[in-house]
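K.L.:
Right, I'll just put the structure down here and ask away after.
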Amino acid sequence: MQRPHARTALTCSAALLLAALTGCGGSEADTEKPTAPGGVTAQAGSATSAHVMWEQASDNEGITGYDVYRGGKKLLSVPATKLMTDIDGLTASTAYTFTVRARDAAGNLSAPSTAAAVTTPADAPADEEAPTGPTKLRGTADSGRTVTLSWGGSTDDVGVTSYDIYQEDSRIHSVPGTRTTAQVTGLRPGTVYTFTVRARDAADRSSPDSNALDLTTPSAPGAPRSTAPTGLRTETAAEGGEFLVDLSWDQPDTGGTIPAYQLFLDGKLTTTIVWGGTPPTGRATYRLTLTDPPGTRYSLKLRPKLPDGKWGDFSAQRTVVLPG
């Protein structure tokens, strides 16, 4: 028979163990589902592809991704940072419906979004030409997170199916071929963006780029001013077996001397520009030598080293094509 004090010790030990377990794994499981994504749209990108977009969902703990469904069958998953995707492998002249569900870290799925319907256009085997490039791209920064773009329409031997909006060579938005305006959201305040637009036809051929447009979103109240170089221009020439790319830009006002710049090609650091003598004031120049084959295409941007030793904001991006 157990003595009273032994029973008391066991009871206390059990209570302490329960308290310890509660403290260590104590938070309740996340069983709350995210809200369903809103604003789901689908449009044909070509006779065999569609572009699906949606608005950000919300969750008590945070969204980790989105699942895209076609007719109730899951097609793919994308991370929470993406609010659009392209669906390939479709059939021409066919109606489809797409829905999107949000997912959180606990695996909870939202209810399906409202279905977005789209019908792919007829196949165009006789479409042998790519569309002409959009013209006169222009736009305004509506807020720190939104810009509105407009452009002159393209032409095609069969017809333009859609216009794709690119930001630094990444497609971020698409609109139907009947539209020549677009609103781009989800941007950052106080940031310079470079936009181009391409037309696409039913055979999935893309046009050349429109002109590049630089837009800077307004800074948030109280935020420091931008330290991005502005007015970046490039001139390319062939010399022997090499290509010379002359860069020039207006230096930002940082309250001190800028001792160096980092130059990026295709998003990767290619060189650090360090002045041999006294750093220039006002407009700066630099000559880059490249030995790649003619026709090679590069995206180029740079950023300054600030007087406090930190790296500043990136300039707008420029595209360089080595002459043939």
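The values are calculated or read from the model by the stated rules, or taken from the named source; none is laboratory data. Just so it is clear, the model here is predicted, and its values are computed rather than measured. Neighbour counts are summed over all protein chains in view; Cβ atoms, including those assigned to glycine, are modelled from backbone coordinates with ideal geometry.
K.L.:
Does T289 satisfy the condition of being modelled with pLDDT of 90 or more and among the β-branched types (V, I, T)?
P.N.:
yes
K.L.:
If I filter the range 126-159 down to residues being in a loop (DSSP other than H, G, I, E, B) and β-branched (V, I, T), which single residue comes out as farthest from V192 (Cα to Cα)?
P.N.:
V158
Residue-by-condition table, conditions (1) out of contact with any strand residue (DSSP E or B) (no Cβ under 8 Å at 6 or more places or on another chain); (2) surrounded by 13 or more Cβ atoms within 10 Å (Cβ to Cβ); (3) over 17 Å from S315 (Cα atoms):
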{"residue": "D250", "(1), (2), (3)": "no, yes, no"}
{"residue": "K268", "(1), (2), (3)": "yes, no, no"}
{"residue": "T272", "(1), (2), (3)": "no, no, no"}
{"residue": "T278", "(1), (2), (3)": "yes, no, yes"}
{"residue": "Y286", "(1), (2), (3)": "no, yes, no"}
{"residue": "L290", "(1), (2), (3)": "no, yes, yes"}
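Conditions (1) buried (at least 18 other Cβ atoms within 10 Å of the Cβ); (2) touching a His at 6+ places or on another chain (Cβ under 8 Å); (3) of a type in the set (G, A, S), marked per residue:
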{"position": "S174", "(1), (2), (3)": "yes, yes, yes"}
{"position": "G177", "(1), (2), (3)": "yes, no, yes"}
{"position": "Q183", "(1), (2), (3)": "no, no, no"}
{"position": "R188", "(1), (2), (3)": "no, no, no"}
{"position": "D204", "(1), (2), (3)": "no, no, no"}
{"position": "L232", "(1), (2), (3)": "yes, no, no"}
{"position": "T254", "(1), (2), (3)": "no, no, no"}
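K.L.:
Give L109, L149, L137 a once-over and let me know the one that is more than 16 Å from S162 (Cα to Cα) and surrounded by 13 or more Cβ atoms within 10 Å (Cβ to Cβ).
P.N.:
Just one listed residue meets the conditions, L109.
K.L.:
For the range 178-209, which residues satisfy the criterion of being over 18 Å from the mean Cα position of the chain (by Cα) and touching a residue at least 24 places away in the same chain (Cβ under 8 Å)?
P.N.:
Across the range 178-209, the qualifying residues are T180, T181, A199, R200, D201, A202, A203, D204, R205, S206, S207, P208.
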